[in-house]
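Here the structure comes first, spelled out in structure tokens, and everything after it is commentary.
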Amino acid sequence: MQRKKWYVMMTLLFMMILAPTVKAETLDMGGGVKNHTDYQEVVFISGEPVLFVAPQKTPVKITESIKGNKLVRQIKLSLVNIDNDKDKLTRDITYESEIITYDEIGQQTANEKITKFKETATIAGVKYDLVTNGFEHSDAKFVDVRPASDYYSGRGITRKIYNKSVKRNQPPERVIVNVETRRAGYENFWGATEALLTDTTYELEVGGDITDQWIVANKHSVSKSRVLEKQENLSPNVSYESFYVVESYREMGSIYEYELADGETGEIELNLSYTPNNVSLPVAKFSDMKSIAEHDRETVSKMFGLQVINGYPNNTTHQMEFRPGKPISRLDFTVGLAELVDLRVNMPDERNKNKNKNKGSGSYFNDIPASHPKYDKLLLAAKKGLTTGNGRCNFNQPPIIPQKPSKNNPGGTINPCAFSPDASLTRAQAATFLVRAVGMQNKEANMNVTRAYHDVPDTSSHANNIYLARELGLMNGFLDSNTFKPNQYLTRMQAMRMLENLLNYLEDDLKQLYLDDIIFTE
């Protein structure tokens, strides 16, 4: 039978400020969709499509636990036919994944198996029971862990056998189900998208012979995003005109395309939405905001609201200033970038872990003490690969603590690792930081198409990242002169524009990339 190509668009938005990385993960190979109260899934075990739903009093129960390198995920559900409540389906399935982490290269692998599986369906008076131990499942996943976003893929194979109830003196019947899955996705603080492509073949076996076959292709996708929205103040005569909120939307979608044993074909689409959620952000009140162009004020307001950047106190006016034309320091840009992509710098467990680890052990950098208020954030950014310092740092070893000269060691111990926190950041360095954040530094830029900068030689260590930053929409050069000015210092205002570009990339561009490349082209 010919399998047809088909397409589905599904967007899932989710947000909670200061929460861990947003994660998108499809529920199961059945292609079901859910929200806070409902669950829907189309079941084909009988040879016909039947829509099952979860009653309000028995919602789907999903639990996850991690013990060492084992991830255990259990799904329990009890469903009824939406058109006939005498038809029922119960399922209790436990997945166990063994996770192997390769810290030195920022990668993970996970090998998944099913350790428990019970399922029974009754449709039109006929009962389908999963045979005891009548299942095989293997799913392999790969995760590339990058500073701002993780990217992952997977492939799985499952085989299930169901006994079908028959009348007395009739030959035994079984339904044999073979499932192949492919998945791809990404996840970061601002968004996540996963596409799960499932091809399922059902075979009806009567008295040991295959008599019927039907197939189902399902594309089940889920994505989440945090979205910044400006809200105007309803009252004009107050101390602020507007503020920003992070808006959360979420929905799940699934499309089944099927070809039944008699040749009938069809398509069923499911969608469920979550109730939106809003969280407000603090308002920027810099005294020099009026000196900034209006569109740039919005950028500054967003970045301040997210606590990516702060201002400088004016000792004369006792007000805070943004100082847009001042070059941004390496420390401020690195920490701001870490805040934007949420490297767990705000999470209490990470803060305490770093503080406990650094207490009494000195600083990794010889030019910034461990007591500096931004040290923990800088160290985490360095360990995540956003910066390499001066290239002489080893973050896999305890920090080197310089010793005072002594009789046996007149020269003392020298710590070679430095960061130059107060030095101004160049445009070339900023491009490299941004590309590292999205994990694309090992990708080769399309030089033939994008080469336009007369002042970026091929020999520059930043050249590839400069062109990659342009390809990704993170940073542009100067069109009037076809230059990039790589050694020019980046101003605080320019830095905020770059970080806003990164925010847009994490919010929207990645999601569209996965929708266009996977959802619409498969």
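Report, in deg cm²/dmol and to the nearest 500, the calculated mean residue ellipticity at 222 nm for the chain, where each DSSP H run with n ≥ 4 adds -39500 (n - 2.57) and the sum is divided by the residue count.
Mean residue ellipticity at 222 nm (helix-derived): -5000 deg cm²/dmol.
How far, in degrees from 0 to 90, does helix 348-358 lean away from the longest principal axis of the Cα atoms of the chain, to the nearest 10?
Value to nearest ten degrees: 50.
Relative to the longest principal axis of the chain, what angle (0 to 90°, nearest 10) does the C-alpha long axis of helix 427-437 take?
30 degrees
Rg to Rh for the stretch 294-346: what is it, with Cα atoms only and Rh by Kirkwood?
1.00
Go through 61/118; 88/116; 61/116 and tell me which ones have a Cα-Cα distance over 18 Å in this structure.
Over 18 Å Cα-Cα: 88/116.
Based on the alpha-carbon gyration tensor of the stretch 106-179, what equivalent-ellipsoid semi-axes (square roots of 5 times the eigenvalues) come out, in whole Å, largest first?
Those come to 39, 11, 9 Å.
Which entries in the list 70/384; 57/230; 70/160; 70/224; 67/443 go over 32 Å, if you measure between the two C-alpha atoms of each?
The pairs that break the limit, which is 32 Å between Cα atoms, are 57/230; 67/443.
Could you tell me the center-to-center distance, by alpha carbons, between the stretch 476-513 and the stretch 65-134 in angstrom?
44 Å
For the chain, just the Cα set please: Rg and Dmax, both in angstrom.
27.9, 98
Would you mind counting up the charge near residue 429? Only other residues with Cβ under 11 Å from its Cβ, with Lys and Arg at +1 and Asp and Glu at -1.
Net charge in that neighbourhood comes out at +3.
For the stretch 203-263, compute Rg over Rh where Rg is the Cα radius of gyration and Rh is the Kirkwood radius from the inverse mean 1/r over Cα pairs.
Taking Rh as the inverse mean 1/r over Cα pairs, Rg/Rh reads 1.53.
Excluding residue 115 itself, calculate the net charge of residues whose Cβ lies under 11 Å from the Cβ of residue 115, where each Lys or Arg counts +1 and each Asp or Glu counts -1.
+2
Based on the alpha carbon coordinates of the stretch 33-280, what radius of gyration and maximum Cα-Cα distance (Dmax) apply, in Å?
21.9, 85
Within the stretch 95-158, which trypsin sites (Lys or Arg not before Pro) sit in a loop by DSSP and count at most 12 neighbouring Cβ atoms inside 10 Å?
Sites meeting the loop and neighbour criteria: none at all.
Could you rank the peptides 175-181, 213-219 by their average count of other C-beta atoms within 10 Å per residue, with the highest value first?
The packing order, highest mean first, is 213-219, 175-181.
Arrange the peptides 292-300, 164-172, 74-82 so that the one whose residues have, on average, the most other Cβ atoms within 10 Å appears first.
74-82, 292-300, 164-172
Every number here is computed from the coordinates shown, using simple stated rules; none is lab data. On a predicted model such as this, the values are computed, not experimentally measured, just so you know. In this analysis, Cβ positions are derived from the backbone assuming ideal geometry, glycine residues included, and neighbour counts consider all displayed protein chains.
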